[in-house]
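Okay, so here's the structure we're looking at.
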Amino acid sequence: MTAPEQHHPPVYAVAAGAVVHAHAGDTLEPAVLLHTFLPAGVDLRDAPARVDVHGDGPGSETLTLRVLTDGVSLSWQLPIAPFVAALPGQPGDDGRMVLLAVVDTEPEGAFWAQAADCERLAAELQIPVTDLTEALRGRLTPWLAEDLDLLLHDDAHDRAVDRSPAQTLASAVLFSYRGTLEAETATTAVVRALELAPEDFTVELGARLCASLVTAFDLASSDALDAVTAQTGPFETEALRLLSTLPPALAATGQGQIEAAMTVLLESADRDETVRAAVSLVARLARAQLGAELEDDDLLRRLGMVDDAALLRLAGLWVDLAAADGDVGALARRVRAEGSPGLSWLRATAAALATAARHLAGRSAERIAAPLDAIEALLRDSDPNLVAAVGACRELAPYARSRGQVGPGSWLAVPAPVAAEATMRAYLDGRDRELAVDLLTELLADDVEGADLLDGLVCATSQLLAHVEHTADADVRRAQVGELLAGVPGGPRGARWLMAALLREAPGHDAAAADLSLWLTAESSPDPDKTAQKLGRQGTLTAGLSCLESLAAVLGDTAQMDREELLGQVLPSALDEHDLLRRTP
């Protein structure tokens, strides 16, 4: 969240419920400024304060603003006024932004020509454009409505990067299950992501929503269904439709329940309301069947859902299975601890390995008959022998790789960015670099070559250097660059060439990155693209890890970015951001 002090657009006319179009000099981030009646001394930006603002339904004349702070609950229903004023400028101006401003009284005369007092307009929210757009639809001038749509698309794409589909849905279900103030906002995030996010994001999110809905209905007894139906209001038409049509549709399909649920959802003319109803029903059915006191992780496991933390644990299972060491029983116990998502992961992994092994074995399949039988039992039985199944996967993985170069990336059953993070966490926890490089290479997209990896490595380097002061003493910088170069191996297959390239190119990637290239004058400069291409994917990744280790050791304290953050978070994110990883399976 950016600081309110960064936004100082002049406001020429603001009244209760007004919408103003204004300029901000250095940001495109949409914002909402709220000024409300609060108890004396209470500021909305104080940590205990919680704010929620949303439209009161399609076509409504009002929006509702709620504030919770220190046990005080305040609520206002405010009119939505037409668009009343705009600053000079048209869509496309650099630095433009939309401010949706709600103020409690007509401002003083001097306020009209002054910069907005962001201390007095007390709070700034991240997603108000999304929250209010339905209520504002049809009430704005065409050019402002177009601005709002553009901001919505940009906002949805940005949020799709920041949050996985799994976490987006998990947050909405958990907040709805708890009945907290954040439920409406989290559910709206699901609706907007399905409407506006990139296609691969929406496909995964839609599939996860349907799967959770199927599980919730399968779990619910007839008494739980009756209780939820009785509690559903007459105006919740989509929730009532799903309660009446989904059970017979699921009962009639057998194996294709997720597809059947998707068909029922798509039959509605009001998709937004259908999505809201689906999220709400998952939470309501869980509460009716399982009670209202489950911990978050337990609830998600019972619903067959995962959040980002659970995905990371599943990715850790992939890393350990690929490493082919450790106790099979311990790995099986970790799978069981994940509940339904863990079993689903193991079945998907085992099925991929069995398919590859059968293809490679050809007429000699009897040689691997035992592990194939164990996997068949895993896929068939409702309560399979997990130790036998994990052991079968452990046996087939090296077989598939040695016979047909079918590596761990071919049986990946979690998103590649999560697997990259899990790989680097395992490396930070003591796994050797050779394994980390091998698994990262397996996670790369098929068309990525050594030279392509430079983009991701430069990106990671620039994020560290962006936190390094530009005004340090020249002797200090010279010594630091010397340490950086000395900290990596030299020679044609070393990493010194890459360190020099990263330091030279980082400021071009991010203008905020400190420029250390002045102290590289004595360093030879081979063409980094040609060198990386010659080294290949594994060689470039090996050199890259050496460089990032040296950067963290020499500049980590100065940049306040330790080894764990640079290697465990920044590097996987940079590889994903530059489209270097496999697509989501």
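What residue, among those in segment 449-469 that are hydrophobic (A, V, I, L, M, F, W, C) and in a loop (DSSP other than H, G, I, E, B), is surrounded by the fewest Cβ atoms within 10 Å (Cβ to Cβ)? Checked segment 449-469; the qualifying residue surrounded by the fewest Cβ atoms within 10 Å (Cβ to Cβ) is Ala466.
Between Leu566, Leu551, Leu555, Leu545, the distinction of being touching a Ser or Thr at 6+ places or on another chain (Cβ under 8 Å), crowded, with 19+ Cβ neighbours inside 10 Å and closer than 20 Å to Val481 by Cα belongs to Leu551 only. Here the condition is being within 21 Å of Leu174 (Cα to Cα) and of a type in the set (Gly, Ala, Ser); of Ala216, Ala260, Ala252, Ala230, it holds for Ala216 alone.
Looking only at segment 490-507, count how many residues are over 13 Å from Thr540 (Cα atoms) and either touching a residue at least 40 places away in the same chain (Cβ under 8 Å) or surrounded by 15 or more Cβ atoms within 10 Å (Cβ to Cβ) (or both). Residues flagged as over 13 Å from Thr540 (Cα atoms) and either touching a residue at least 40 places away in the same chain (Cβ under 8 Å) or surrounded by 15 or more Cβ atoms within 10 Å (Cβ to Cβ) (or both) within segment 490-507 amount to 6.
Just one of the listed residues (Asp272, Asp307) is of a type in the set (Asp, Glu) and either farther than 15 Å from Val173 by Cβ or more than 24 Å from the chain's Cα centre (by Cα) (or both), and it is Asp272. Of all the listed residues (Leu246, Leu242, Leu290, Leu194), the sole one being touching a Ser or Thr at 6+ places or on another chain (Cβ under 6 Å) and either within 26 Å of Leu314 (Cβ to Cβ) or outside the structural domain of Gly342 (by TED's automatic domain parsing) (or both) is Leu194.
The number of residues in segment 227-236 being modelled with pLDDT of 90 or more and loosely packed, with under 15 Cβ neighbours inside 10 Å comes to 3.
When we screen Gly556, Gly568 for residues that are touching an Asp or Glu at 6+ places or on another chain (Cβ under 8 Å) and at pLDDT below 95, the only hit is Gly556.
Across segment 252-278, which residue is farthest from Ala211 (Cα to Cα) among those that are among the aliphatic types (A, V, I, L, M) and either in contact (Cβ under 8 Å) with a residue 60 or more places away in the chain or in contact with a Pro (Cβ under 6 Å, 6 or more places away or on another chain) (or both)? Can you show your working first?
Start the filter on segment 252-278 by keeping residues that are among the aliphatic types (A, V, I, L, M), which leaves 252, 258, 260-262, 264-266, 269, 275, 277-278.
Then keep just the ones that are either in contact (Cβ under 8 Å) with a residue 60 or more places away in the chain or in contact with a Pro (Cβ under 6 Å, 6 or more places away or on another chain) (or both); that gives 275, 278.
On the way: Val275: 13, Ala278: 11 Å.
Looking at residues that are among the aliphatic types (A, V, I, L, M) and either in contact (Cβ under 8 Å) with a residue 60 or more places away in the chain or in contact with a Pro (Cβ under 6 Å, 6 or more places away or on another chain) (or both), I get Val275.
Scan segment 385-403 for residues that are more than 17 Å from Leu331 (Cα to Cα) and among the small types (Gly, Ala, Ser) and the total you get is 2. For first residues located in segment 315-334 and in contact (Cβ under 8 Å) with a residue 12 or more places away in the chain, partners that are assigned to a loop (DSSP other than H, G, I, E, B) and buried (at least 19 other Cβ atoms within 10 Å of the Cβ) and lie 6+ apart or on another chain with Cβ distances below 6 Å form the pairs Ala315/Val414.
Among the listed residues Glu565, Glu577, Glu549, identify the single one that is without any contact (Cβ under 8 Å) to a residue 12 or more places away in the chain and in contact with a helix residue (DSSP H, G or I) (Cβ under 9 Å, 6 or more places away or on another chain). Full working, then the answer.
Values: Glu577 fails: without any contact (Cβ under 8 Å) to a residue 12 or more places away in the chain; Glu549 fails: without any contact (Cβ under 8 Å) to a residue 12 or more places away in the chain.
Residue meeting the stated conditions: Glu565.
When Leu372 is tested against (1) hydrophobic (A, V, I, L, M, F, W, C); (2) buried (at least 23 other Cβ atoms within 10 Å of the Cβ); (3) more than 23 Å from Leu312 (Cα to Cα), only condition (2) is not met.
Return yes or no: is Asp438 over 15 Å from Leu321 (Cβ atoms) and acidic (Asp, Glu)?
Details: over 15 Å from Leu321 (Cβ atoms): no; acidic (Asp, Glu): yes.
Against the criterion (over 15 Å from Leu321 (Cβ atoms) and acidic (Asp, Glu)), Asp438 does not qualify.
Applying the selection to segment 185-205, what residues are surrounded by fewer than 19 Cβ atoms within 10 Å (Cβ to Cβ) and within 19 Å of Glu273 (Cα to Cα)? The answer is Glu195, Thr202, Val203. Do the conditions hold for Leu464, that is, is it in the same structural domain as Ser550 (by TED's automatic domain parsing) and under 18 Å from His578 (Cα atoms)? Yes: the conditions hold for Leu464. The residues of segment 324-369 include none that are surrounded by fewer than 13 Cβ atoms within 10 Å (Cβ to Cβ), touching a helix residue (DSSP H, G or I) at 6+ places or on another chain (Cβ under 8 Å) and of a type in the set (A, V, I, L, M, F, W, C).
Criterion applied to Ala479, Ala472, Ala486, Ala445 was being more than 17 Å from Leu566 (Cβ to Cβ), surrounded by fewer than 19 Cβ atoms within 10 Å (Cβ to Cβ) and outside the structural domain of Leu535 (by TED's automatic domain parsing), and the one residue passing it is Ala445.
The values are calculated or read from the model by the stated rules, or taken from the named source; none is laboratory data. Bear in mind the structure is a predicted one, so any value in this text is a computation, not a measurement. Backbone-built Cβ (ideal geometry, glycine too); neighbour counts: all protein chains shown.
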